[in-house]
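The values are calculated or read from the model by the stated rules, or taken from the named source; none is laboratory data. No experiment lies behind these values; they were computed from the predicted model shown. Ideal geometry is used to build each Cβ from the backbone, glycine not excepted, and the neighbour counts take in all protein chains shown. Accessible surface is based on the protein model in full, side chains and every heavy atom, while ligands, DNA and RNA are left aside. Shrake-Rupley method; radii C 1.70, N 1.55, O 1.52, S 1.80 Å.
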Amino acid sequence: MAEPVGGGPKKVLYTLATVRRIGLMNSAKALSARNACKACGLGMGGQRGGMTNELGEFPAVCNKSVQAQSTDIQPPLPPAFFDHPLGELRELTPRELEHAGRLGNPIHKSAGEDRYREVSWDWALDRAARRLRDCDPGRSFFYSSGRSSNESGFLLQLLARLYGTNNVNNCSYYCHQATSVGLGSTIGTGTATVELDDLSACDLVFVIGANPASNHPRFIHKLKACRDRGGEVVVINPAREPGMVRFAVPKSARSMIAGGTEIASAYLQPHIGGDLALFKGLAKAVLAAGAEDRDFLRDHCEGSEAFVADLEATTWADIEAASGVARGDIERVADIYARAERAVFAWGMGMTHHAFGVQNVEYIANLALLRGMVGRRHAGLLPLRGHSNVQGIGTIGVKPVLAEEVFARMESELGVSLPRAAGMDTLAGLEAAHAGGIDAACLVGGNLYGATPDAEWARRALERIGFKLYLTTTLNQGHLYGIDDSEALVLPVCARDEEPQSTTQESMFNYVRLSDGGIQRLANARSEVAILAELGARLLPDGPVDLRRFADHENLRQAIAATVPGMEDLRDIGVAKREFHVRGRLLHSPAFRTDSGRARFQVHPIPEPRAAAGDFPLLLASVRSEGQFNTIIYEERDSYRYSAPRDSVLVSPRDLAALGLAPGDRVDVVSDVGRMRGVTALAFDLPPGNVLAYYPEANVLCQRRVDPRSRTPNFKSVPVRIEASRER
């Protein structure tokens, strides 16, 4: 079977077909308006224009942008849709549910009822306020996805804390929280050290545990540009992803005519969970070549002696066994790194979705520090953020623990006293719910059910929350599961480009963009900010803050600028239209934010994620397809992996033969918490002993084991076995 190529004519035709389906005028208006893209956090849109990136490059648009717009530009669900009971709605696939239409009116389901009914806004807001008022705030839970605006997120966390709880969370606890912790412990800041312009002159990019061909397509343009100017791209991923080998870049005629451009100049395939051992090997080889930056280590780092001593004590045999990569291959990539002058390290959830995710990130930072690649132009550290504003949601305080400085500023600015009790992270909140300790939850966007490991356990946990308030644009499985014996109220919200007032978002490069909004599509959807302000006013009518005044986004931005360090420039953005980088984030000089002002090397033993031979001899990683965004499914087949259906498990050819299976056979995949039944086994280029399955379907297999430091679940080192299926 010929290896597929990422991008290319098929993706162009798919995009054109999607544009035809939603209408050329609708598409053009949505894509060209001055609004930040609703897909990944790479950086597109805002005041430079909808298809323009932070550098002013045009056209900066990709298939993800069009897919994200395609479900926003839909008519509302007809009232007859809600004549169907939950059991029938659950028969719809996630894709069918996403494409069924927008939620146009508030809907409510009482405990024990089997279907939703449409209700008025006034009834819905009164009901939500009364149910929250009847709840002990300590037994409540507030959550936001990364698609919400900074204004909405700030108001959500303020409402929760005024109500009396710090149980405030966002989706980053399931993705890049390990990055925030790992970078905080090494360089003193939890976000990217580079800006988009730094990618324009680097001569080496490491892409680690990520598949931007599927998930961040515009990043591929930067990788191609690096190769075009004679640079190198090193991909580290257990799976040999076709789109990272060759990609036909739609904006490049030469790339399209040639049938694709070579992206990876070197490709290492470690075992799932074998990355830290590989990083030790790379560092060991760099030291053996004498390529470390001794002046940088002496002047700007601490802990390098212990780091070097640990490498000297680590044998190549141990590195090869744990990583699954031969010494010679590691040394060849180390030589590429040793010759580079400006290297950028980019990584995704293949690094963070482990019980040792923080350690993985710390060792990426160690590698960069070893050659002085942090604290200079055109080099540094770049976590690839998935959601378009997930970083901003964390910046403005949608998290259970705020810095004391932020608490003090908020109390002083607003004249309030906020609770100091420790808040629960995302999974801890669901664990409390499963134990009967949460009575009410407010969930803004996302699909917490679909995003949580151990899917059956997640359903039971949500079921035990007596009242759930959802804010969403479209229905997803999170609105259908875990609600049979509990009450659910779902409110329709405006999409970003429909907001009646401007909003702001932060890219993965710490760049804050201003979205104009203003497009009108649905008559009865409301702004998240307007909903939260009115809910707060009804919930806390005698509270210390008039929350209705925060229905004005300018008032919210003034409060954010006054309370959140680094966001001072937000104060004037609505008038000046001047977008900006968050202060104090970019590291173009070696001034680290640690107590000592020096970067810190961290030392850890090689982890042991491999399953022992026996009941679960294989290790599984859950992955996303080209045709999805987070839990949102746009296409049932993965065009970049041989058109694999979503109900498939990808297995190395050697393992297929050892199991006596042929490609296309139906199998069950089993872990100690669940079973995927009747999925299709397909051959894929993986090291033996490693398998892939699609997220969120594979969540049924994933245990609730977490990184003890970040509390990020282990979605990527799951011991499993494969059995012949009885289902045909």
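Quick notes on this one:
- Cβ-defined net charge surrounding THR186, 12 Å radius [Lys, Arg +1; Asp, Glu -1]: +1
- Amide H within-cut-off set for ILE396, under 5 Å, with H built and near neighbours excluded: none
- In plain terms, the chain from ASN524 to ASN555 could stretch by 8.7 nm, reckoned as 0.36 nm per residue minus the Cα-Cα distance.
- Normalised contact order of the chain, rounded percent, pairs of Cα under 8 Å and 6 or more residues apart: 21 percent
- ARG548/GLU113 FRET efficiency (R0 30 Å; Cβ-Cβ; nearest 0.05): 0.40
- Taking GLU534, GLU697, GLU312 and ordering them by how much accessible surface each has at a 1.4 Å probe, largest first, produces GLU312, GLU697, GLU534.
- Contour minus Cα-Cα distance for ALA403 and SER120 (0.36 nm per residue): 97.9 nm
- At 1.306 mPa s and 10 °C, Stokes diffusion of the stretch 149-248 via Kirkwood alpha-carbon radius, µm² per second: 96 µm²/s
- The value obtained for the stretch 210-329, namely the Cα convex hull volume divided by the number of residues, is 139 Å³ per residue.
- Distance between the 7 Å Cα→Cβ label points at ALA591 and ASP485: 5.9 nm.
- Theoretical FRET efficiency, 1/(1+(r/R0)^6), r = Cβ-Cβ of GLU88 and ARG133, R0 30 Å, to 0.05: 0.30
- Pairwise alpha-carbon distances in the chain exceed 50 Å for 9% of all pairs.
- Only one residue of THR315, SER388, HIS108 has its Cα farthest out toward the positive end of the dipole of the chain, where Lys and Arg carry +1 and Asp and Glu -1 on Cβ, and that residue is SER388.
- Per-residue [θ]222 nm for the chain (sum of -39500 (n - 2.57) over DSSP H runs n ≥ 4, rounded to 500): -9500 deg cm²/dmol
- Against the chain, whose longest principal axis is taken from its Cα atoms, helix 553-563 shows a tilt of about 50°.
- Computed over neighbours whose Cβ is under 9 Å from that of ALA724, the net charge equals -1, Lys and Arg +1, Asp and Glu -1.
- For the set ILE208, ILE722, the ranking by accessible area, highest first and with no ligand, DNA or RNA atoms included, is ILE722, ILE208 under a 1.4 Å probe.
- Here the translational diffusion coefficient of the stretch 105-209 follows from Stokes-Einstein with Rh set to the Kirkwood radius across Cα pairs; for 37 °C and 0.692 mPa s it amounts to 183 µm²/s.
- Cα gyration tensor, the stretch 288-383 - rounded (a/c under 1.5), prolate or oblate: rounded
- FRET E, pair ALA309, GLU431, Förster distance 45 Å, beta-carbon r, rounded to 0.05: 0.70
- In degrees, nearest ten, helix 177-186 long axis to first principal axis of the chain (Cα): 50 degrees
- Segment ALA288-VAL603, extension gain: residue separation times 0.36 nm, minus the distance between their alpha carbons: 111.6 nm
- In terms of its C-alpha gyration tensor, the stretch 535-600 comes out oblate, because a/c is 1.5 or above while a/b does not outweigh b/c.
- The magnitude of the dipole of the chain, with charges of +1 and -1 set on the Cβ of Lys/Arg and Asp/Glu and taken from the Cα centre, is near 1180 debye.
- Nearest-ten-degree value, helix 357-370 long axis tilted from longest Cα axis of the chain: 50 degrees
- Annotation for the stretch 189-251: trypsin sites (Lys or Arg not before Pro) lying in DSSP loop with at most 12 further Cβ atoms inside 10 Å of their Cβ are ARG229.
- For q = 0.14 Å⁻¹, Debye-computed log10 I/I(0) when each Cα of the stretch 659-728 counts as one equal scatterer: -0.46
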